[in-house]
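Following: one structure in structure tokens, then a few remarks.
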Amino acid sequence: MCGIVGYTGPREAGPILLDGLRRLEYRGYDSAGIALVTHAGELFVEKRAGKVAVLTDALGGEPPTAGVGLGHTRWATHGRVSDLNAHPHSDCTGRITVVHNGIVENFRALRDELAAGGHVLASETDTEVVAHLVEDAYKGDLADAVRSALHRLEGAYALVVMHQDEPDRLVGARLNVPLIVGVGEGESFFASDASALVAYTKKVIFLADGDVADIRPGTAVVTDIDGMRLERLVDTIPWSAEAAEKGGYEHFMLKEIHEQPTALRSAMAGRVRRGGVCLEEIDPIRDRLANVNRVELIACGTAYYASLVGAQLFQDWLGVPARANVASEFRYSPPPLDARTLVVAVTQSGETADTIAATRLARERGSIVIAVTNTVGSAITREAHAAVFLQAGPEVAVAATKTFVTQVLTLVMLAADIAQQLGRRTKAEEEELVVALKALPEQAERAIELAGATEEMASRYAEAAGFMYIGRAFGYPAALEGALKIKEISYLHAEGYAAGELKHGPISLLDADVPLVAVATRSAVYEKLISNLMEGKARDARVIAVATEGDKQIEQFATDVCWVPDTLEPLSTILAVIPLQLFAYYVAVARGRDVDQPRNLAKSVTVE
Ligand code: G6P
């Protein structure tokens with residue numbers, strides 16, 4: 001949700017900022033802009049509605065030479081999409097520029113106050129007030145002025161400020177929105193996430209809420225909002241710049257689908273052993289886990305569907321009530337939360353505002369919080385008592401794929417580990433799970449191979465009026481996720497339903513133009529699923545079935561079959577979703593959609 005990048009150092013700032021913006025574009029892409037203080041000491045600003053490519057064209061490929069600058073790619077919240085509302089924003093003198101991600105909640109009051117004080121605000125954004133507040137507070141030291149301005153802001157922000165008169169310096173701050181500092185050899189960076197700067201440095205500081213960072217070439221000083229110096233560790237990014245490149249694939253999404261076997265392997269590394277599963281990250285809180293009598297999972301979007309699998313397993317394996325909750329609804333009707341409640345916050349980015357807010361509430365009420373996330377140093381890791389990482393590597397496509405399968409896998413491992421600790425599962429059950437887990441990466445490879453036919457299939461279904469996805473038990477989250485993929489990237493309407501509910505309303509949508517997609521892998525509910533599939537066929541709907549290799553009868557009921565290898569039911573969601581991801585991908589490609597950056601979406605949603 002908006003990407004920020006900043007640079008100060010001996011290299012050309014313009015190309016570094018544009019490269020960073022391209023890498024951050026998945027966070028928001030309705031407008032983009034950069035500001036530079038040129039070697040001649042002049043301020044240069046260019047900003048455009050549209051994608052980063054529009055900005056690059058406007059620059060004619062050659063931004064002015066400069067050693068310092070900041071850039072922004074926007075996902076609009078306040079103010080429509082226009083050149084004027086694009087960031088950076090400036091003060092009245094035109095010497096101060098600001099980029100911002102988040103929402104200044106009291107911006108109306110601040111705008112009125114600033115206007116009454118003689119300031120002229122040019123845009124409709126909340127961000128612009130920051131530039132004018134810094135202008136009022138500036139007495140020759142940018143960091144002091146920014147800290148003073150921050151005292152006036154309510155809401156959430158990651159922001160970076162530059163002053164034309166201090167041309168080697170940038171000042172950034174964060175509150176509830178991510179911002180990191182990159183520390184290179186004689187150069188320094190700001191970025192919303194590591195993908196923007198890993199090509200230049202792997203040394204980063206994950207700023208904490210309330211931090212203000214003052215960077216100059218090769219140095220970074222972090223203080224609190226009152227100027228008190230803070231010590232912050234320098235972390236090393238564990239992946240390479242190539243990991244965030246397309247690597248020969250046409251889209252990031254396709255690359256990330258193909259990375260799933262590796263991602264599953266990596267998520268299990270060091271965690272799955274002969275005797276069972278062990279996640280060392282939860283060792284420090286094992287005493288508290290011994291008393292758990294309820295589990296609440298909190299998540300949004302794809303992570304919520306992964307959490308549905310987690311909830312089934314916590315309930316089955318721990319024998320306590322467990323529920324998956326949509327994070328944005330959680331606070332309106334929270335369940336009883338106390339010290340015996342285990343809350344599992346599942347979030348790829350670790351920055352989703354709704355998930356963080358819900359988790360915070362649970363923590364305030366004394367619950368034990370475990371974060372399941374892909375992002376080291378993210379906000380959720382600070383809210384949680386323990387964080388378990390997906391280890392999936394960077395995911396760039398807006399539509400989540402490899403982080404879905406690794407979320408499901410990590411929740412399987414977490415539930416198994418805690419159940420084992422509490423003695424709720426037999427040794428034989430554990431051993432059976434370990435065997436199935438070890439086979440999973442190769443089976444995912446096989447599922448990708450078997451899904452080769454989805455490209456041709458998609459061409460026959462790309463003009464459908466909509467889709468109905470159904471599943472039961474562990475097939476249900478796969479159906480929901482499959483429907484979400486279609487919606488997100490092809491803009492076709494798709495419903496995901498518990499198969500038993502089909503007859504209670506949605507069946508009326510089925511006809512020759514609305515195919516039924518059924519997750520019908522081998523399971524205890526297989527026969528019931530077949531009945532639902534036949535209900536669809538009887539209404540002239542074309543039927544696509546995801547079925548287990550070797551199933552001899554499914555072809556008589558389905559128009560098309562996507563085969564997946566056999567596995568334990570709790571792991572079946574992981575394999576079943578693979579052909580559905582590829583199907584959605586090829587439908588979107590056939591419809592000419594922008595697969596990696598679908599309209600209206602952003603990968604990381606840092607507003608509530
Ligand atoms: C956005 C993304 C989704 C994602 C959801 C939750 O809406 O477009 O793909 O599932 O946020 O993100 P999180 O980072 O919390 O998993």
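The values are calculated or read from the model by the stated rules, or taken from the named source; none is laboratory data. Keep in mind that this is a model prediction, so the values were computed, not measured. Cβ placement follows ideal geometry from the backbone for every residue including glycine, while neighbour counts extend to all protein chains displayed.
Quickly run through the stretch 382-406 and pick out the residues that are more than 11 Å from the ligand (Cβ to nearest atom) and more than 19 Å from residue 310 (Cα to Cα).
Listed by number, the residues that qualify are 382, 383, 393, 394, 396.
List pairs: first residue in the stretch 415-434 and on the phi > 0 side of the Ramachandran plot, second residue at pLDDT 95 or above anywhere in the structure, Cβ distance under 6 angstrom, at least six positions apart or on different chains.
Listed by first residue and then by second, the contacts come to nothing, as the list is empty.
Which numbered condition trips up residue 289, out of (1) within 16 Å of the ligand (Cβ to nearest atom); (2) closer than 15 Å to residue 387 by Cα?
Against the list (1) within 16 Å of the ligand (Cβ to nearest atom); (2) closer than 15 Å to residue 387 by Cα, residue 289 comes up short only on (1).
Select, from 573, 521, 567, 548, the only residue that is in the same structural domain as residue 477 (by TED's automatic domain parsing), within 30 Å of residue 434 (Cα to Cα), within 16 Å of the ligand (Cβ to nearest atom) and among the polar types (S, T, N, Q). It would help to see each step written out before you state the result.
Working: 521 fails: within 16 Å of the ligand (Cβ to nearest atom); 567 fails: within 16 Å of the ligand (Cβ to nearest atom); 548 fails: within 16 Å of the ligand (Cβ to nearest atom).
Answer to the check: 573.
Restricting attention to the stretch 455-477, does a residue exist that is crowded, with 24+ Cβ neighbours inside 10 Å and within 16 Å of the ligand (Cβ to nearest atom)?
Looking for residues that are crowded, with 24+ Cβ neighbours inside 10 Å and within 16 Å of the ligand (Cβ to nearest atom), one finds at least one in the stretch 455-477, hence yes.
Would you check if there is a residue in the stretch 585-601 being in contact with a strand residue (DSSP E or B) (Cβ under 9 Å, 6 or more places away or on another chain), within 25 Å of residue 256 (Cβ to Cβ) and either within 16 Å of the ligand (Cβ to nearest atom) or in a loop (DSSP other than H, G, I, E, B) (or both)?
Checked against the condition, which is being in contact with a strand residue (DSSP E or B) (Cβ under 9 Å, 6 or more places away or on another chain), within 25 Å of residue 256 (Cβ to Cβ) and either within 16 Å of the ligand (Cβ to nearest atom) or in a loop (DSSP other than H, G, I, E, B) (or both), the stretch 585-601 yields no hits at all.
Out of 32, 53, I need the residue that is surrounded by fewer than 16 Cβ atoms within 10 Å (Cβ to Cβ), touching a helix residue (DSSP H, G or I) at 6+ places or on another chain (Cβ under 9 Å) and within 22 Å of residue 597 (Cβ to Cβ). Which one?
Exactly one of 32, 53 is surrounded by fewer than 16 Cβ atoms within 10 Å (Cβ to Cβ), touching a helix residue (DSSP H, G or I) at 6+ places or on another chain (Cβ under 9 Å) and within 22 Å of residue 597 (Cβ to Cβ), namely 53.
Working only within the stretch 17-29, note down all residues that are crowded, with 20+ Cβ neighbours inside 10 Å and either acidic (Asp, Glu) or under 23 Å from residue 91 (Cβ atoms) (or both).
Passing the criteria: 17, 21, 25.
Sort through 231, 154, 185, 166 and tell me the only one that's closer than 19 Å to residue 15 by Cα and charged (D, E, K, R). Don't jump to the end; show me each part of the working.
Values: 231 fails: closer than 19 Å to residue 15 by Cα; 154 fails: closer than 19 Å to residue 15 by Cα; 166 fails: closer than 19 Å to residue 15 by Cα.
So the residue among 231, 154, 185, 166 that is closer than 19 Å to residue 15 by Cα and charged (D, E, K, R) is 185.
Within the stretch 328-349, which residues are closer than 13 Å to residue 372 by Cβ and within 16 Å of the ligand (Cβ to nearest atom)? Walk me through how you get there before you give the answer.
So the first thing to find is which residues in the stretch 328-349 are closer than 13 Å to residue 372 by Cβ, and the list is 342-349.
Residues satisfying the conditions are 343, 344, 345, 346, 347, 348, 349.
Tally up the residues in the stretch 269-299 that are within 21 Å of the chain's Cα centre (by Cα) and surrounded by fewer than 20 Cβ atoms within 10 Å (Cβ to Cβ), please.
Of the residues in the stretch 269-299, 0 are within 21 Å of the chain's Cα centre (by Cα) and surrounded by fewer than 20 Cβ atoms within 10 Å (Cβ to Cβ).
Suppose we filter 541, 588, 520, 576 for residues that are in contact (Cβ under 8 Å) with a residue 60 or more places away in the chain, in contact with a Gly (Cβ under 9 Å, 6 or more places away or on another chain) and buried (at least 20 other Cβ atoms within 10 Å of the Cβ); which single one remains? Steps first, please.
Details: 541 fails: in contact with a Gly (Cβ under 9 Å, 6 or more places away or on another chain); 588 fails: in contact with a Gly (Cβ under 9 Å, 6 or more places away or on another chain); 520 fails: in contact (Cβ under 8 Å) with a residue 60 or more places away in the chain.
576 is the lone residue from the list that is in contact (Cβ under 8 Å) with a residue 60 or more places away in the chain, in contact with a Gly (Cβ under 9 Å, 6 or more places away or on another chain) and buried (at least 20 other Cβ atoms within 10 Å of the Cβ).
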